[in-house]
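Throughout, read-outs are computed from the coordinates displayed, never taken from laboratory work. No experiment lies behind these values; they were computed from the predicted model shown. Here the Cβ is made from the backbone with ideal geometry for all residues, glycine too, and neighbour counts use every protein chain on show.
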Amino acid sequence: MAPARLVGLFRYPVKGLSPEPLQQVALSPGLEIPGDRRYAITRASTAFNPDAPVHLDKTKFLMLMRDERLAALTTFFDEASQTLVISRGQNLAIKGCLTNFEARAHLEHFFQHFMELPDEERPRIVDAPGHMFSDAPEKYVSIISLETLRDFAARTNRSIEALRFRGNLYIDGLKAWEELDLIGKELSIGGARVTISRVTTRCAATNVNPLTAQRDMNIPKDLMKEYERNVLGVYATVTGAGTITLGDEVSPV
């Protein structure tokens with residue numbers, strides 16, 4: 001494995017909404033990036049008990065696989081005040097504190113009208129201490145190799161936006177698809193260590209262009225056509241506590 005670098009670092013405070021770029025973050029064993037998928041927006045029919053949270057399938061939430069118009073929203077999350085700020089283009093749409101009942105209700109009404117849902121289908125914003133609304137039952141950090149994306153883009157003769165894949169860590173310097181050979185192996189990133197646990201199967205959410213909120217590709221179909229497998233990226237488990245920073249070297253342990 002040649003020397004590689006961490007060139008992108010993101011978390012998604014609200015599942016299905018826009019990413020938050022980070023410069024640095026402290027990782028803890030067995031946990032996600034702090035604040036990643038901390039909140040979610042459930043469909044009206046979804047039962048979620050914050051006192052006994054369990055993993056739910058992505059179809060229980062508003063999410064890009066089915067609700068591509070969410071990509072038209074730009075969000076900012078202030079950790080200290082737990083305030084979510086939502087913009088459309090250059091215009092502020094709404095903001096509110098997610099720990100305040102009244103403000104959360106206003107945000108729920110906003111999503112109802114934005115998604116053109118009837119009153120009986122008003123979504124709910126949910127959270128539970130220590131719970132991550134991930135697509136997998138375990139807590140993880142997701143990794144995308146930019147050289148793999150370049151190979152895929154060349155095969156399809158398309159420009160492919162890296163944020164379609166909603167990764168946490170974007171790494172440059174690996175050979176194309178080398179990350180698949182790292183399953184079960186431990187990597188050092190800055191002061192932390194992670195173990196690559198499994199590949200990431202891609203869904204229709206990746207078909208949505210994060211810049212236009214339009215479905216302009218069929219990523220799962222193209223992956224199957226070009227590589228005979230519908231995977232891109234890997235999940236990793238944090239195995240050693242430490243701080244990671246943009247520009248850190250990524251190397252095998």
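Below is a table of values for the structure above.
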| item | result |
| --- | --- |
| Straight-distance crosslink candidates among aspartates and glutamates, where the alpha carbon sits under 12 Å from LYS175 and sequence neighbours closer than 8 are dropped | GLU147, ASP151 |
| Debye intensity ratio in log₁₀ form over the Cα atoms of segment 65-113, taken at each q of 0.13, 0.18, 0.26, 0.27 Å⁻¹ | -0.30, -0.57, -1.04, -1.08 |
| Value at 222 nm in deg cm²/dmol, rounded to 500, when DSSP H runs of n ≥ 4 in the chain each add -39,500 (n - 2.57) | -4000 deg cm²/dmol |
| For the chain, the fraction of alpha-carbon pairs in successive 5 Å shells from zero, as % | 1, 6, 13, 18, 19, 17, 13, 9, 4, 1, 0 |
| Centre separation in Å (Cα based) which lies between segment 184-230 and segment 1-27 | 14 |
| In segment 77-112, GluC sites (Glu not before Pro) in a DSSP loop with at most 15 other beta-carbon atoms within 10 Å | GLU79 |
| Net lengthening on full extension, HIS109/ALA154 (0.36 nm per residue, minus Cα-Cα) | 11.9 nm |
| Spin-label pair ARG66/GLN24, simplified geometry with 7 Å Cα→Cβ offset, distance in nm | 4.2 |
| Kirkwood-Stokes translational diffusion coefficient of segment 1-150, alpha-carbon pairs, 4 °C, 1.567 mPa s, µm²/s | 78 |
| Long-range Cα-Cα pairs in segment 176-253 (distance over 14 Å), rounded percent | 68 |
| Top of ALA204, ALA47, ALA26 by mean-square fluctuation, Gaussian network on the chain, Cα under 10 Å | ALA47 |
| Summed residue charge, Cβ within 13 Å of PRO129's Cβ, Lys/Arg positive, Asp/Glu negative | -1 |
| Taking the convex hull of Cα positions in segment 40-126, its mean projected area over all directions (nm²) | 6.1 |
| Potential lengthening between ALA47 and LEU92 on full extension [0.36 nm per residue; Cα-Cα distance subtracted] | 13.1 nm |
